[in-house]
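Student: To start, I am sharing the structure in question, which I have written as structure tokens.
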Amino acid sequence: MALRNIRKDGDEVLRKKSKEVDVINEKILTLLKDMADTMYNSDGVGLAAPQVGILRRVVVIDVGEGLIELINPVITEQSGEQTEFEGCLSVPGIYGELKRPAKVVVKALKAKGEQFETEGTGLLAIALCHEIDHLDGILFKDKAIRLVDKEELEKKG
Ligand code: ZN
């Protein structure tokens, strides 16, 4: 298991746009594996490559339904709306209430290079939007209706 250092808000790498992956080489496969290890180790539900300092369009997500690895993910459809609180491993202790689509369809490449489409509703839709935002240098707090700390979040149950 190889853990990578999670970059925190204020680190300029989080504000940069990530580049598409053109060749899925050993370096990208190691990155995917390390990102999954790092996400699970921090009890996160998603992690994007810029959060470990790598400006590549690579994302891992697990909302409790198994690991999803996404290379060059693009949202191709979105519908509905949901308003929920979300947090981020790069912004510890702060949670934001955001409006996100209720459902998204995302096109991406698998680690083996084949293209696939995944559909997400609920928490998965939020995670897909949140992680893809990271690839464009956007943090959840930029879009939040309001921000709260952990204590306030727990009060809301
Ligand atoms: Zn995040």
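Student: Quick one: with all protein chains in place, what share of the accessible area of the chain is carbon or sulfur, to the nearest percent (1.4 Å probe)? Please list the in-between numbers first.
Tutor: Working: 3850 of 8240 Å².
In the chain, the share of accessible area belonging to carbon and sulfur is 47 percent.
Student: Ok, one more. Would you work out which of Leu14, Thr38, Ile145 lies farthest towards the positive end of the dipole of the chain, given +1 charges on the beta-carbon of Lys and Arg and -1 on that of Asp and Glu, about the Cα centre?
Tutor: Value: Leu14.
Student: Tell me which residues come under 5 Å, amide H to amide H, from Lys19 once H is placed; ignore anything under 5 positions away on its chain.
Tutor: Amide H neighbours of Lys19: Arg56, Arg57.
Student: Follow-up question, since we're still on this one. Looking only at GluC sites (Glu not before Pro) in DSSP loops with at most 16 other Cβ atoms within 10 Å, what is the longest site-free stretch of the chain? Walk me through the numbers on the way to the answer.
Tutor: Working: sites that count: Glu20, Glu65, Glu81, Glu114.
Within the chain, the longest run free of exposed GluC sites (Glu not before Pro) spans 21-64.
Student: Could you go through segment 98-112 in sequence order and give the Karplus-derived ³J(HN,Hα) for each residue, using 6.51 cos²θ - 1.76 cosθ + 1.60 with θ = phi - 60°, rounded to whole Hz, and x for Gly and Pro?
Tutor: 10, 8, 10, x, 6, 9, 9, 10, 10, 9, 7, 9, 7, 4, 7
Student: One quarter of the convex hull surface, Cα atoms only: what value does that give for the chain in nm²? Provide the component values of the computation, followed by the final result.
Tutor: On the way: hull surface 35.4 nm².
Result: a mean projected hull area of 8.8 nm².
Student: Still on this structure, please answer the following. Quick check on my link table: of Lys17/Lys143; Lys33/Lys143; Lys103/Lys156; Lys19/Lys150; Lys8/Lys99, which ones sit more than 27 Å apart, alpha carbon to alpha carbon? Walk me through the numbers before you get to the answer.
Tutor: Numbers: Lys17/Lys143 17 Å; Lys33/Lys143 29 Å; Lys103/Lys156 24 Å; Lys19/Lys150 33 Å; Lys8/Lys99 23 Å.
Violating the 27 Å Cα-Cα cut-off are Lys33/Lys143; Lys19/Lys150.
Student: Here is a follow-up. To two decimal places, what compactness ratio does segment 84-157 give when its Cα radius of gyration is scaled by 2.2 N^0.38 Å? Can you show the working numbers first?
Tutor: Details: Rg = 14.0 Å, N = 74, 2.2 N^0.38 = 11.3 Å.
This ratio for segment 84-157 stands at 1.24.
Student: Here's something else I'd like to know. In whole percent, what relative contact order does segment 12-156 give with Cα contacts below 8 Å and a gap of six or more residues? Intermediate results must be reported in sequence, preceding the final value.
Tutor: On the way: 288 pairs, mean separation 36.6, N = 145.
That works out to 25 percent.
Student: Follow-up. Could you give the angle, 0 to 90 degrees to the nearest 10, between helix 122-135's Cα long axis and the longest principal axis of the Cα atoms of the chain?
Tutor: On a 0 to 90 degree scale, this one is about 60.
Student: Find me the longest stretch of the chain that has none of the exposed trypsin sites (Lys or Arg not before Pro), where exposed means in a DSSP loop (not H, G, I, E or B) with at most 11 other Cβ atoms within 10 Å. Could the numbers behind the result be given before it?
Tutor: Numbers: sites that count: Lys17, Lys112, Lys156.
The answer is 18-111.
Student: When ligands, DNA and RNA are left out and all protein chains stay put, how many square angstrom of accessible area per residue does the chain have with a 1.4 Å probe? Display every interim value, and only then the final one.
Tutor: On the way: 8240 Å² over 157 residues.
Accessible surface, normalised per residue, equals 52 Å².
Student: For segment 12-156, give me the percentage of DSSP beta bridges that are antiparallel, rounded to the nearest 5 percent. Numbers along the way, then the final one.
Tutor: On the way: 29 of 30 bridges.
Taking every DSSP beta bridge with both residues in segment 12-156, the antiparallel ones total about 95 percent.
Student: Considering only C-alpha atoms, what is the centroid distance from segment 82-157 to segment 12-39, in Å?
Tutor: Rounded to whole Å, the Cα centres lie 18 Å apart.
Student: For segment 42-107, rounded, prolate or oblate, judged on the Cα gyration tensor with a ≥ b ≥ c (square roots of eigenvalues), a/c < 1.5 rounded, else prolate if a/b > b/c? Don't skip to the answer; put the middle values down first.
Tutor: Details: a/c = 1.64, a/b = 1.07, b/c = 1.53.
Verdict is oblate for segment 42-107.
The values are calculated or read from the model by the stated rules, or taken from the named source; none is laboratory data. As the structure is a computational prediction, the values presented were derived from the model and not from experiment. Note that each Cβ is placed from the backbone with ideal geometry, even for glycine, and that neighbours are counted across all protein chains shown. The protein model used for the area step is the full one, side chains on, heavy atoms only, and it has no ligands, DNA or RNA in it. Shrake-Rupley method; radii C 1.70, N 1.55, O 1.52, S 1.80 Å.
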